[in-house]
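Bear in mind these aren't lab numbers, they're just calculated from the coordinates by the rules spelled out. Bear in mind that the values here come from a model prediction, so they are computed numbers and not experimental data. Here the Cβ is made from the backbone with ideal geometry for all residues, glycine too, and neighbour counts use every protein chain on show.
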Amino acid sequence: MRRIVQLILAASVIVLAAFQVSAEPVKVSIWSAITGVGQEGKTEVSYSDTPIGNMVSGINGVDWQIQYTQNSNFANAFNLRLASDDWPEAINMPSATLMPMDKLQKLIDAKVIVPLDKYYNNPKYPYINMIPKKVIDYWRMPDGHIYNFPTGVYADPKQAYGYWAAAVWAVRPDYLAAVNMTTSDLKTIAGVEKFLRAVKAKGLKNSDGLPVYPISSGENIGLADLILNTFGVSTVGQGFDMVGSKMVNVRDNPQTKAALAWLNSLWADGIIDPEALSQKNDTLREKMMGKRVAMMASFAWPYWQTVTAGITPVTDMAFLEYPSAPGAAKSGVNVTYNPNGSAGGLLITKNAKNPEAIVNLVNETWKDFDPKMSADAKWEHQLTLEYGNRGVFWDWDPKLGKPYYVTLRDMAAAGGDYNKIAAIGFSMNPIIVQGNDSNYFTANLKDVLDWIFRMHKFYYNKPNVAPERPFDSLKMPAEGLWNKNAEVLGRLDLEYKAKLISAPKGGFEAVWKDYQNQLEQQGNWSKVRAEWEAAYKAQVK
Amino acid sequence: MTSAETKPLGIQPRPPTKHSLGRRLKRTVSLYGWLYAFILPGIILLFLFAYMPMVGLQVAFKDYVIYKPLSEAPWVGFQYFSFITDPVFWQSFNNTILITFFRFLFGFPAPIILAILLNELYNAPFRRLIQSLSYLPHFISWIVVSYILYTFMQLDTGPLNMVLQYLGFEQTNFMGTQDYFRPIVIISAIWKELGWGAIIYLAALSGIDPQLHEAAMMDGAGRLQRILHINLPGIMPTVSIMLILALPGLLTAGYEQIYPLVNATNLGVSNVLDVYVIRLGLTQAQYSVATAIGLALGIVNTLVVLGANWLAKRAGQTGFW
Amino acid sequence: MKKKMSRADRIFNTVNILVLGFIGLTCLYPIIMMTALSFNQGTDTMKGGVFFWPRSFTWVNYRVMLENVELRSAYWITILRTVVGTVSGVFVTGLVAYGLSEAKLPGRKWIMIYMIIPLFFGGGLIPYYLQLRSLGLINSFWVYIFPGLFSIYYCVVMKTFFQGIPQSLKESMRMDGAGELTILFRVIFPLSSALFAAIALFTAVGHWNDWFSGAFYVTKGSLIPVQTFLMNFMTFDASQTYSRDNAQAGAQALAKMTTEFSTITSTSLRMAAVMVALVPILLVYPFLQRYFVKGVLIGSIKE
């Protein structure tokens, strides 16, 4: 262990020399707007806490003091900060929270963030100049200024690095074999149902004698969303998608009803984990670790992070194409990315003591960007943004066709195995401060990283992934019905997902009617929809 | 209450003489100056944390933006009181009343009964032990209680379901069934405050003159009779004060308790007023609507308490003033 | 007295003991369950069946939680606010109550009305929040202290108690020329020490268990108290909690990594975290308990 640390220190000296950064990194506080709590349940983390993070900040010149979002709820945290006027020096706002730019506008109105125009077109920051004009114009606010350093920009959206493609269908091969089926049987939703029923019928138990559930769900019934997608319903953005020649919302899409009715039929026969509708992510994670769930249809990221060495919930699961479902030509969209900044934006606040240090770092990360670069290179650029500079923290292996992590490799070569390296820390986001990566704190880090990478590669160009569409985040009037009712409608959706799935036999229709009524009564749905349609007409040709 | 005949601070009464205002003031200050000084911090703190927010109620009638001064916000009249026609508000209102009513119905007498039962326990060490244990839940925060509940009632591994299975019953996903939400909230609320609430009654019970009991026993009164005719009346003043104090709680189901228990299966019943107001006000930053709701609830609460106090006084019990 | 126990009495006693025993058990069992789970290996807990004692004993859950910097900081905040908040709160409230317990105080009626109104009517959450904000208390440690410095409810309780202290005591001291402070410290406080202990306990528990103000009045992570930490910790993936200090501690820790640490699960860590937050209370509990018994006894002497 000591040897490894020494090695890292030695490596960092070389690296530092190579990058000719001599000054102490500047401490810059930043709010990571989307991440709930960082590793160790921390709400504040200093980048230089870990050996690797220390190294990264040595190169970056910025030692991020990351503040995570308390309270699990972004809107809540945002409003509380706005109310208390408590802002760090910088904010990392993921794309999902930047679009539509009403939050950005609020930050401008409250004079929290500063315009960044002077850093663009500035000879001091040549690489920032390389940001395509289209992208800059995209982020220009109505007042004519730009307040955002976008991260994760793609000249060609089709070839974007698909790190966001993580909504998976996966199956445990051992249980598949146990009921004498193969992955080719799971190409249709009927095949999936056959498998699920077979697991139930077989009464599989795990090694501790606890029952195996054919399928389960994490928090907020994520399962239902994936099933909706599989039935062709898009669940991204504001919930609208083109069906035929008309924009139709999830709530009005007949396929929504079909998908939930399917789940209801499974529930009625006890196929679905009875705790699926109420449990927290980590209850499911523990079940998966105990091999108590045969199949997963979910966003995968809550489940690949675990410290439990030897047992990761996901790595022994095989991912599948989305099964085809009756009435759906292809799966609905559940992931969009914004080519003009898929990872969101870096905002600098009025409290920044040393904005130049931040801008320097941004400048560095744009160094490798070339609009004409190859597809692989674009993945590379994304990796640069996410994991640090190429050649230092990772490199591309043409033979493997995937990135590997240089520091890890070097340390591994130095006599450590992945298990030992995992203990040191793996925290290398120079700018996209997500705080997740150091959570790959698992003894089989290699397996997990490989699994994640294979997964991204597998799903990133599937129909469930799409570049952000113009209608995904329309600007809705601030005091309008849409904004006023959004929370209630969202709550009704979740409430009735649970009620519809668990409706008693023959009671589904009645609950569905009730759902429609409540949408109307509590959420003013038809008026809200009309407001959206008006906005659609005005904003999208 | 001290009767009006008591002499002021032990100073001999003087013949009433005409004093100038200044002299009277001076006398008052010299006599009571210290007492006023003691009271002053309370007055200031109440002004800051109770009266100023009342001034802040004007937010309900204004178009308030958080990063601009309140004085600049335009008046909009009763526009934000339209929540009264919002079914979500009424849902949360009904949910609240259903929880608080039953919590009150079972939870209010529970500590009184516990106190009486404890009082009747002659085995002192056992009594002390039970007393000690019964306070314990009060020290456990709602967050921890929520985790106890989740763990205790989990399927396949939780003790409750294991016992049910052992006894031959079906396992039940209590935390994932809407129908169990209210009972869980009410029972856990009673469980948590049962022992703690009994303390004040135990104190009142021990304040009852033992001679009363002795005299009653001489007259051949049984235990139940003594409980009914000595103990209960003896603690009645405490009961009536606690009753009035409990009434404002009828509109408060308890955010700290309910929020950690919310999940997809109970959204329809867990939307109580506290949760609703916090969602509106702090989560969605709709400050004006949330204030308007708070104002309306405050008025209702006040009327309830005033009514209760009036009733208590009419019934010959200790009122609040 | 005991000799004359009738049959009905005996039945009553038996039932009474059973009922109270059951209540005691329901209060004790969760602690037992959490203790067992917190000392049990997480991977073993997943198998179910751990109800009373750990099946495969481990310290690792506690090791991880105790080395968690965030929990330590939250602990410090909680202890600080509990001590400062309780001492100052009881003192201020006690002073006010004493002032008000003097029946002849001119204007007392008006002051009482002033004090009682907020008990029945308030501004509600949002105006309160906005007031905290305009006082600069948001994101300040003092948001835990100042608003709770004076409690109307405890003030009324104390005032009632003080009024029960024979007025003659006070008056004779006044005749002897004693000042109000002297009376307060020589007569009132000693006579009501048990009451103070009781109210201090009420206040302290309120401080210890409050997660709301930590969640809404504070956005700085360094200011959150233990309960808010637990809230965050429970909403989020607890298995991400891992002490890096351990990893850096050297080869020994690394060896542990693959064995003991590999047994950690969210549940086991949470139970350890909860126990860490509970243990101080459980430790001081017997002492507080004594105060309580005393308080009850003194309460019975009055009048």
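Eigenvalues of the Cα gyration tensor times 5, then square-rooted: what semi-axes does that give for the range B:189-310, in whole angstrom, largest first?
The answer is 43, 18, 10 Å, longest axis first.
Which value, in debye to the nearest 20, gives the size of the charge dipole of the range A:168-244 about its Cα centre, when Lys and Arg are +1 and Asp and Glu are -1 at the Cβ?
Dipole magnitude for the range A:168-244 comes out near 360 debye.
From other protein chains only, count the Cβ atoms within 10 Å of every residue's Cβ in B:148-155, then give the mean.
Partner-chain Cβ atoms within 10 Å, mean over residues of B:148-155: 5.
In nm, what is the difference between 0.36 nm times the number of residues separating A:Asp117 and A:Lys194 and their Cα-Cα distance?
21.8 nm
If only Cα atoms are counted, what is the Rg of chain B, and what is its Dmax, in Å?
26.0, 87
Which distance in nm do the two modelled labels at B:Ser82 and A:Ser46 give, with both placed 7 Å along the Cα-to-Cβ direction?
Using points 7 Å along Cα→Cβ, the separation is 5.2 nm.
Taking each residue in B:56-67, count the Cβ atoms of any other chain within 10 Å of its Cβ, then average. What number comes out?
Mean partner shielding for this stretch: 4.
How many angstrom lie between the C-alpha centres of the range C:16-46 and the range B:146-176?
14
Among B:His213, B:His229, B:His138, which comes first, then next, by fewest other beta-carbon atoms within 10 Å? Before the final figure, lay out the partial values.
On the way: B:His213 17, B:His229 13, B:His138 20.
Listing B:His213, B:His229, B:His138 from fewest to most nearby Cβ atoms yields B:His229, B:His213, B:His138.
What nm distance separates the two modelled labels at B:Arg24 and C:Arg186, each placed 7 Å from Cα along Cα→Cβ?
3.3
Compute the FRET efficiency between B:Leu105 and C:Asp176 as 1/(1 + (r/R0)^6), taking r as their Cβ-Cβ distance and R0 = 51 Å, and round to the nearest 0.05.
Given R0 = 51 Å and the Cβ-Cβ separation, E is 0.45.
Roughly how many whole Å is it from the C-alpha centroid of the range A:166-214 to that of the range B:24-82?
Using only Cα atoms to place each centre, the spacing works out to 64 Å.
Work out how far the C-alpha atoms of the range B:81-169 reach from end to end along every principal axis, then list the three figures in whole Å, largest first.
Here the spans come out as 60, 37, 26 Å, largest first.
What FRET efficiency do you get for B:Asn123 and B:Leu224 if R0 is 25 Å and r is their Cβ-Cβ distance, rounded to the nearest 0.05?
0.80
Taking each full run of DSSP H in chain B as one helix, which ones are at least 18 Å long along their axis (Cα atoms) and have mean Kyte-Doolittle hydropathy of at least -1.0?
On the way: long enough: B:21-46 (30 Å, 0.91); B:87-107 (28 Å, 0.83); B:124-139 (23 Å, 0.09); B:178-206 (43 Å, 0.87); B:232-246 (19 Å, 1.97); B:287-314 (40 Å, 1.17).
Going by DSSP H runs, the hits are B:21-46, B:87-107, B:124-139, B:178-206, B:232-246, B:287-314.
Residues of C:217-223, mean number of Cβ from any other protein chain within 10 Å of their own Cβ, rounded to a whole number?
6
Pop the C-beta distance of C:Val84 and B:Val163 into the FRET formula with R0 = 51 Å and round what comes out to the nearest 0.05.
Working: r = 44 Å, r/R0 = 0.86.
Using R0 = 51 Å, I get an efficiency of 0.70.
Scaled to the compact-protein estimate 2.2 N^0.38 Å, what is the alpha-carbon radius of gyration of the range C:34-193, rounded to two decimal places? Let's see the in-between values first.
Working: Rg = 24.2 Å, N = 160, 2.2 N^0.38 = 15.1 Å.
After normalising by residue count via 2.2 N^0.38 Å, the value is 1.60.
Which of the pairs B:Lys68/B:Lys192; A:Lys111/A:Lys484; A:Lys187/A:Lys484; A:Lys280/A:Lys537; A:Lys133/A:Lys527 have their Cα atoms more than 31 Å apart in this structure?
Those over the limit are B:Lys68/B:Lys192; A:Lys187/A:Lys484; A:Lys280/A:Lys537; A:Lys133/A:Lys527.
Put a dot 7 Å past each Cα toward the Cβ at A:Glu509 and C:Trp110; how far apart are the dots in nm?
7.2
Arrange the peptides A:200-213, A:473-486, A:140-153 so that the one whose residues have, on average, the most other Cβ atoms within 10 Å appears first. Each step should come with its number before you reach the end.
On the way: A:200-213: 15.5, A:473-486: 17.1, A:140-153: 18.9.
Ranked by mean Cβ neighbours within 10 Å, highest first: A:140-153, A:473-486, A:200-213.
Sorted from largest down, give the three principal axis spans of the alpha carbons of the range A:472-527, whole angstrom values.
Computed over the range A:472-527, the largest-to-smallest principal extents equal 42, 19, 15 Å.
If you take the Cα Rg of the range A:248-357 and divide it by 2.2 N^0.38 Å, with N the number of residues, what do you get?
1.51
Need one number for the range B:98-249: average projected area of the convex hull over its C-alpha atoms, nm².
11.5
If the chain between A:Val540 and A:Gln516 were fully stretched, how many nm would it gain, using 0.36 nm times the residue separation less the Cα-Cα distance?
Additional length available on full extension: 5.9 nm.
Could you tell me the distance between the Cα centroids of the range B:243-281 and the range A:108-138, to the nearest Å?
Rounded to whole Å, the Cα centres lie 46 Å apart.
Give me the base-10 log of I(q)/I(0) for the range C:42-124 at each q in 0.14 Å⁻¹, Debye formula, one uniform scatterer per Cα, rounded to two decimals.
Taken in order of the listed q values, log10 I(q)/I(0) reads -0.75.
³J(HN,Hα) across the range A:171-184 via Karplus (A = 6.51, B = -1.76, C = 1.60, θ = phi - 60°), whole Hz, x for Gly/Pro?
9, 8, x, 5, 6, 4, 5, 4, 9, 6, 10, 10, 4, 5
Scan around A:Val293 for amide H atoms under 5 Å from its own, H built in the peptide plane at 1.01 Å from N, and keep only partners 5 or more places away or cross-chain.
Here A:Tyr213 satisfy the definition.
Along each of the three principal axes of the Cα atoms of the range B:57-105, give the extent in whole Å, ordering the values from largest to smallest.
46, 20, 14
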